[in-house]
Amino acid sequence: MHNILLMRHGKVTAPPALYGSTDVEVTELLDSNTINALLANGPTIHRIHSSPLKRCAALAQKLASQMNIPLSLMPDIAEMDFGIFDGVPFDAMSAEQWQQLEPFWSAPAEYCLPQGEPLSDFRQRVLKYWDRVINESQDHETTLVIAHGGVIRIVIASVLGLDWANPRLYSSLNIANASLTHIQFDPENTAHVQLKAIGVPPGAIAI
């Protein structure tokens, strides 16, 4: 069996906002805690794939160095671009801006934020990456993928056959910072993919 661990990056240092292409960071302490949990209790990892954004890549680089395993930065699993709202702190938004956001919260597949990335395009590039991972997988190995909440939700929807356009997938499915989502499949029979765990703490998965 091949195991894929989808890890969401740690909590960022910036105030609450829609962070897509905005390149915010995670504190070194939080990344160190995540690394320690994985090294102490986590499974053997054979390779790391990471979003190129710093909140993922910094952790990935430290882990790859400490574990002495290969790291690949994957642009297709960068977070969705939220356009003019990307990186704008929620506390700084005007009533008019909140009104502009309302259609996106209600129907993200139908409403694209100004200068933003359509959800359908985001899904397409994430699944392009996912298909590649499935097709290139090796038996008895584990790949750690450090990415974003949106990326992980798209993959979960694909594995479970859920409606990716349903707004509740993004508002009601909690993917905590630094949590792991475990997916397992047989490289010889990739039509049968199992979702073993969603959003569990690092170090809590036994393979």
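Annotations for the structure displayed:
- Pairing each residue of segment 149-171 that is crowded, with 16+ Cβ neighbours inside 10 Å and outside any helix (DSSP H, G or I) with any residue that is among the basic types (Lys, Arg) and modelled with pLDDT of 95 or more, provided the two are 6+ apart or on different chains, yields C-beta distances under 9 Å for 164/123; 164/153.
- Of the listed requirements (1) surrounded by 17 or more Cβ atoms within 10 Å (Cβ to Cβ); (2) modelled with pLDDT under 95, residue 140 misses just one: (1).
- Tally of residues being assigned to a strand (DSSP E or B), in contact with a strand residue (DSSP E or B) (Cβ under 7 Å, 6 or more places away or on another chain) and farther than 29 Å from residue 101 by Cα across segment 181-194: 8
- Test result for residue 207, at pLDDT 95 or above, of a type in the set (A, V, I, L, M, F, W, C), under 16 Å from residue 7 (Cβ atoms) and surrounded by 13 or more Cβ atoms within 10 Å (Cβ to Cβ): no
- Inside segment 62-76, residues that are surrounded by 17 or more Cβ atoms within 10 Å (Cβ to Cβ) and assigned to a helix (DSSP H, G or I) make up a count of 4.
- Boolean, residue 118 is farther than 30 Å from residue 187 by Cβ, crowded, with 17+ Cβ neighbours inside 10 Å and of a type outside the set (Ser, Thr, Tyr): no
- The set of residues in segment 105-137 being over 18 Å from the mean Cα position of the chain (by Cα), in a helix (DSSP H, G or I) and modelled with pLDDT of 95 or more consists of 105, 106.
- Residues of segment 87-99 include none that is buried (at least 19 other Cβ atoms within 10 Å of the Cβ) and part of a helix (DSSP H, G or I).
- Every pair of residues 6+ apart whose Cβ atoms lie under 8 Å, when the first sits in segment 16-42 and is exposed (fewer than 14 other Cβ atoms within 10 Å of the Cβ) while the second is among the small types (Gly, Ala, Ser) and at pLDDT below 95: 40/203; 41/203; 41/204
- Residues that are surrounded by fewer than 16 Cβ atoms within 10 Å (Cβ to Cβ) and touching a helix residue (DSSP H, G or I) at 6+ places or on another chain (Cβ under 9 Å), drawn from segment 125-137: 128, 132
- Sole exception among (1) touching a strand residue (DSSP E or B) at 6+ places or on another chain (Cβ under 9 Å); (2) under 24 Å from residue 55 (Cβ atoms); (3) free of Cβ contacts under 8 Å to residues at least 24 places away in the same chain for residue 124, by number: (1)
The values are calculated or read from the model by the stated rules, or taken from the named source; none is laboratory data. Model, not experiment: these values are computed from the prediction. When we count neighbours, we look across all protein chains shown, and the Cβ atoms used for this are built from the backbone with ideal geometry, even at glycine.
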